[in-house]
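Quick notes on the structure that follows.
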Amino acid sequence: MKGKKKTIGLVIYFILLMMPIYWMLTMSLRSNADILASFVLYPKNITFMNYMKIFTDSSWYMGYVNAMIYVVMNTAISLFVALPAAYAFSRYQFVGDKQMFFWLLTNRMAPAAVFALPFFQLYSTIGLMDTHFAVALAHCLFNVPLAVWILEGFMSGVPREIDETAFIDGYSFPRFFITIFIPLIRAGVGVTAFFCFMFSWVELLLARTLTVTEAKPISAIMTRTISATGLDFGLLAAAGILTIVPGALVIWFVRNHMAKGFAMGRV
Amino acid sequence: MEKWPNNKAWFLVLPAFVIVIFSAIIPLMTVINYSVQDIFGPGQAVFVGTEWFREMLGDYRLHDALWRQFLFSGLVLLIEMPLGILIALAMPKKGWGVPVCLVTIALPLLIPWNTIGTIWIIFTRPDIGLFGAGMNNLLGIPFDHTDNWLDAWITVMLMEVWHWTPLVALLGYAGLRAIPEVYYQAARIDGASAWATFLYIQLPKMRGVLTIAFLLRFMDSFLIYAEPFVLTGGGPGNSTTFLSIYLVKIALLQFDLGPGGAFSLIYFVIVLLFSFIFYQALQRVGKGEKV
């Protein structure tokens, strides 16, 4: 009886959750004139015109490619530097450890608007403007701290006897870390990668500031279209639906890892 | 268990430290530099000391935006934390439902922030939106977020709750799944009610994840910009002009870097201060009742 109530509640929540997304999907399958002309619950004259435009116009579809490139780069860099750091925080006591741990998080706390201008100057000075690497590096500012915080939780859940035994058995630190420790928290790494991917994928302001044409992400291309032609709801909806696809694919492929990771972590 | 004292651990933290400070320190120094100068153009600036800080602290529109921001973040935390925990409790523990739930619930999180605003424009338009038209035509309640401040607030809150409750739910779910079965067995033997099990086992065990969820939700809701800006543009009037929307008005649209810099630093210090207080408080709460 109680389980049933839970399930019903969950189903209602999921229906509400899907409603805006459903609405965007129906909009993306209609022409803009049709959208503005009438209100219908489901599209009667389905057209793939909006999607065709995005898939045939390189200024549109390159936006997805660009975003994918820097998001993957950022996720890789974030994990690479956050793994050893999180290990240090979960295992060792050292000068300034607590302050350092909190300081990392403070990098997520600055309002981006005014900080974007110095970012522009900094990355112009070092000649990285309009490259994927620039955005990947800038996003490390908020993703590395998050990755360290999440991984530290997973690592603290692993008993320290495992480390001690390995060191007594004569493992060097890098060998132990790569061949024993990381496989132990593999699922935790999956969850962390998901969060890095997500925050880098959805960030707009820094990505827009640091790119001009070569590395422009889809989210920035969408805003440009709003100001240029007025709102083309159908096209925007199609572009919006397509922004969900990469992330949805990522979680679909790592779903078992995620379920496992969520089962083991204190995060 | 005590951690091993070893200062060499700094070498493990170093790469993360370097990569973060690279993007952190120079922009921060530059903004501090802006905040104490009156900038007329490239290379033309006068040192003005704390003038911008005094001007910003006395700006009544900033005060209004700040109170609005506190109300918004407060409501966000009050709604999203309990709702997220409830959803986490209701999610299935095993079987095919687990991956389906995880994927579905993560969908809103994966949409770029300005796209979120766009979705909600389309969703709430009184003429062509499912929600807007439903309210007006089906229920007969006049609803237009471009016209009425209360409707605008409701729309922004709905959008925010829709967008970010999944984050709390996902983190809460992770915390719940990490509780060993023996705790539940012990609770059953003691004849504990579901409420007591929640209060004395599940909630304390979720403290770690909920701390992260709480801090993330506080910071990100306090800094929210793109979603309400796209949806309402801060209106009607100034009713949804949150702190960052007002900041952008001052700093970028009027191109006033001095006041903008001072505003940014004040803003940063407020977020930092509250995050620190919350962090300390959440570290302490529940320590005593740890099983």
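The values are calculated or read from the model by the stated rules, or taken from the named source; none is laboratory data. This structure is a prediction, so every number in the text was calculated from the model and none was measured. FYI the Cβ positions are ideal-geometry reconstructions off the backbone, even for glycines, and counts take in every protein chain you see.
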Item to complete: Give just the number: which of (1) crowded, with 20+ Cβ neighbours inside 10 Å; (2) modelled with pLDDT under 90 does B:His163 not satisfy?
Response: (2)
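If you check A:Thr56, A:Thr75, A:Thr47, which single one turns out to be more than 30 Å from B:Ala251 (Cβ to Cβ) and crowded, with 19+ Cβ neighbours inside 10 Å?
Working: A:Thr56 fails: crowded, with 19+ Cβ neighbours inside 10 Å; A:Thr47 fails: crowded, with 19+ Cβ neighbours inside 10 Å.
Step by step, each of A:Thr56, A:Thr75, A:Thr47 is checked, and only A:Thr75 is more than 30 Å from B:Ala251 (Cβ to Cβ) and crowded, with 19+ Cβ neighbours inside 10 Å.
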Worksheet item: Can you name the condition, by its number, that B:Gly208 falls short on among (1) touching a Phe, Trp or Tyr at 6+ places or on another chain (Cβ under 9 Å); (2) buried (at least 19 other Cβ atoms within 10 Å of the Cβ)?
Response: (1)
Worksheet entry | Index of the failed condition, B:Asp127 passing every other in (1) within 8 Å of another protein chain (Cβ to nearest Cβ); (2) part of a helix (DSSP H, G or I); (3) not hydrophobic (A, V, I, L, M, F, W, C) | (2)
Item to complete: Could you tell me whether any residue of the stretch B:5-15 is buried (at least 17 other Cβ atoms within 10 Å of the Cβ), outside any loop (DSSP other than H, G, I, E, B), of a type in the set (A, V, I, L, M, F, W, C) and touching a residue at least 60 places away in the same chain (Cβ under 8 Å)?
Response: no
Practice prompt. Return the only residue of A:Phe89, A:Phe14, A:Phe55, A:Phe39 being at the interface with chain B (Cβ under 7 Å from one of its Cβ atoms) and either assigned to a helix (DSSP H, G or I) or touching a His at 6+ places or on another chain (Cβ under 9 Å) (or both).
Written response: A:Phe14
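Okay, residues lined up against (1) crowded, with 23+ Cβ neighbours inside 10 Å; (2) out of contact with any Lys or Arg (no Cβ under 8 Å at 6 or more places or on another chain); (3) over 23 Å from A:Ala67 (Cβ atoms):
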| position | (1), (2), (3) |
| --- | --- |
| B:Ala88 | yes, yes, yes |
| B:Pro92 | no, yes, yes |
| B:Leu109 | no, yes, no |
| B:Thr118 | yes, yes, no |
| B:Pro126 | no, yes, yes |
Worksheet, complete the sentence: Filtering the stretch A:92-124 for residues that are assigned to a helix (DSSP H, G or I), of a type outside the set (Val, Ile, Thr), without any contact (Cβ under 8 Å) to a residue 60 or more places away in the chain and within 24 Å of B:Leu215 (Cα to Cα) leaves a count of 10
Worksheet item: If B:Gln37 satisfies every condition in (1) buried (at least 17 other Cβ atoms within 10 Å of the Cβ); (2) under 30 Å from A:Ala116 (Cα atoms); (3) in contact with a strand residue (DSSP E or B) (Cβ under 7 Å, 6 or more places away or on another chain); (4) free of Cβ contacts under 8 Å to residues at least 60 places away in the same chain but one, which is the exception?
Response: (4)
